[in-house]
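*Asks:* Quick one: the structure is below, and I'll ask about it shortly.
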Amino acid sequence: MMLSQNCHQIVCGLYKVLAATFRYAVRDEINVLQAVQPVLNHSEAVLAVLIPIKKSAQWWEMPQDERRAIFEEESHHTANGLEYLPGVARRLLHCRDIEEPFDFLTWFEFAPEHTKGFDELLLRMRASVP
């Protein structure tokens with residue numbers, strides 16, 4: 001099977017950013033995530049979804065603390081994601097600094113029995129985007 005050029009770029013970009021550090025999480029959130037979220041690529045997680053995200057110029061003009069506040073005070077992405085752990089593991093990968101076609105890649109992994117949870121989480125996250 002051949003990947004489209006766009007898919008190929010996304011996959012190549014994913015490999016570049018897998019080692020990226022957390023940027024929008026604070027220490028307490030990182031500790032909770034590490035205690036609850038399984039290591040990615042665990043054997044039960046046979047389903048994966050990769051969602052590319054492109055933000056506006058207005059988003060990038062805001063200071064990082066304002067962008068983080070939107071995640072926590074308006075969209076609640078971290079809190080929402082925690083509700084679905086450990087069944088639906090997720091990682092936000094930052095691509096903007098390496099000049100990939102998207103600013104973020106959101107990677108989800110889950111076992112088939114957690115498909116409904118993934119669908120619910122995705123709906124909640126999409127509904128909360130300001």
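*Asks:* Can you tell me which residues in the range 105-125 are within 12 Å of the chain's Cα centre (by Cα) and modelled with pLDDT of 85 or more?
*Replies:* Our first condition is that a residue be within 12 Å of the chain's Cα centre (by Cα); within the range 105-125, this holds for 105-109, 121-122, 125.
Thr106, Trp107, Phe108, Glu109, Leu121, Leu122, Met125, listed by residue number.
*Asks:* Could you tell me which of the residues Asp28, Asp65 is at pLDDT 85 or above and part of a helix (DSSP H, G or I)?
*Replies:* Numbers: Asp28 fails: at pLDDT 85 or above.
Answer to the check: Asp65.
*Asks:* Another question, if that's okay. Considering Ala57, Ala89, which residue is surrounded by 11 or more Cβ atoms within 10 Å (Cβ to Cβ) and of a type in the set (A, V, I, L, M)?
*Replies:* On the way: Ala57 fails: surrounded by 11 or more Cβ atoms within 10 Å (Cβ to Cβ).
Sole residue among the options that is surrounded by 11 or more Cβ atoms within 10 Å (Cβ to Cβ) and of a type in the set (A, V, I, L, M): Ala89.
*Asks:* Scan the range 93-112 for residues that are in contact with a helix residue (DSSP H, G or I) (Cβ under 9 Å, 6 or more places away or on another chain), closer than 17 Å to His77 by Cα and either of a type in the set (Lys, Arg) or open to solvent by less than 40 Å² (accessible area, probe 1.4 Å) (or both) and jot them down.
*Replies:* Residues satisfying the conditions are Leu93, His94, Asp103, Phe104, Leu105, Thr106, Phe108.
The values are calculated or read from the model by the stated rules, or taken from the named source; none is laboratory data. Here the structure is a predicted model, which is why all the values come from computation and not from measurement. Don't worry about glycine lacking a Cβ; one is built from the backbone with ideal geometry, like all the others, and counts go over all protein chains shown. Ligands, DNA and RNA are excluded from the accessible area calculation, which covers all protein heavy atoms including side chains. Shrake-Rupley method; radii C 1.70, N 1.55, O 1.52, S 1.80 Å.
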